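The values are calculated or read from the model by the stated rules, or taken from the named source; none is laboratory data. Computed from a predicted model, the values in this text were never measured in an experiment. FYI the Cβ positions are ideal-geometry reconstructions off the backbone, even for glycines, and counts take in every protein chain you see.
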Amino acid sequence: MLSMMCIAYLYFGRLWMSSHINQTPVPLGQILGIAMRGSKAHIVVNNYIKARKAGVEVTLEEIEAHQQAHGDVSQVVRALISAKRDGRDVSFQEACAIDLKGEDVLKTIGSPIVTLKTD
């Protein structure tokens with residue numbers, strides 16, 4: 001029993017520490033709650049950290065909800081970071097809708113749209 005508690009502490013403690021080091025603090029209780037609700041805590045927390053560090057406005061709850069809906073959280077976050085870097089305004093909800101429709105969200109919103117001018 002003690003060894004299981006130590007393993008759990010190391011796993012969740014590492015996520016907690018990583019969030020604090022990256023200045024996107026996530027309470028340990030919230031990380032445990034994510035795991036208890038059946039989500040993959042490392043995917044949710046690590047993508048939250050990536051998004052927030054890149055300046056993408058998203059909550060931990062939104063990321064968890066998309067992960068629970070069997071969406072590809074990593075692709076959505078990458079696409080939003082790419083769109084933000086290119087100066088395009090795309091919401092997390094829009095990106096999730098594209099992802100859940102089965103489209104390649106990174107290809108759809110992650111790369112700038114190039115228009116050709118014909119005269």
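Before moving on, here are some points about what is shown:
- Within region 55-93, the set of residues being more than 24 Å from residue 33 (Cα to Cα) and either β-branched (Val, Ile, Thr) or over 14 Å from the mean Cα position of the chain (by Cα) (or both) comprises 81, 83, 84, 85, 86, 87, 88, 89, 90.
- Flag if residue 38 is assigned to a loop (DSSP other than H, G, I, E, B) and surrounded by fewer than 15 Cβ atoms within 10 Å (Cβ to Cβ): yes
- Inclusion of residue 83 among residues that are more than 19 Å from residue 14 (Cα to Cα), at pLDDT below 95 and in a helix (DSSP H, G or I) is warranted.
- Near pairs, Cβ below 8 angstrom, 6+ apart or cross-chain, from region 27-47 (at pLDDT 95 or above) to any residue that is outside any helix (DSSP H, G or I): 45/26
- Test for residue 45: is it in contact with a helix residue (DSSP H, G or I) (Cβ under 8 Å, 6 or more places away or on another chain), in a loop (DSSP other than H, G, I, E, B) and surrounded by 14 or more Cβ atoms within 10 Å (Cβ to Cβ): no
- Residue, surrounded by the fewest Cβ atoms within 10 Å (Cβ to Cβ), within region 1-35, restricted to residues that are within 16 Å of the chain's Cα centre (by Cα) and within 14 Å of residue 59 (Cβ to Cβ): 25
- Qualifying residues in region 20-44 (those that are β-branched (Val, Ile, Thr) and out of contact with any Lys or Arg (no Cβ under 9 Å at 6 or more places or on another chain)) - the one farthest from residue 75 (Cα to Cα): 21
- The set of residues in region 61-80 being part of a helix (DSSP H, G or I), among the small types (Gly, Ala, Ser) and touching a residue at least 12 places away in the same chain (Cβ under 8 Å) consists of 74, 79.
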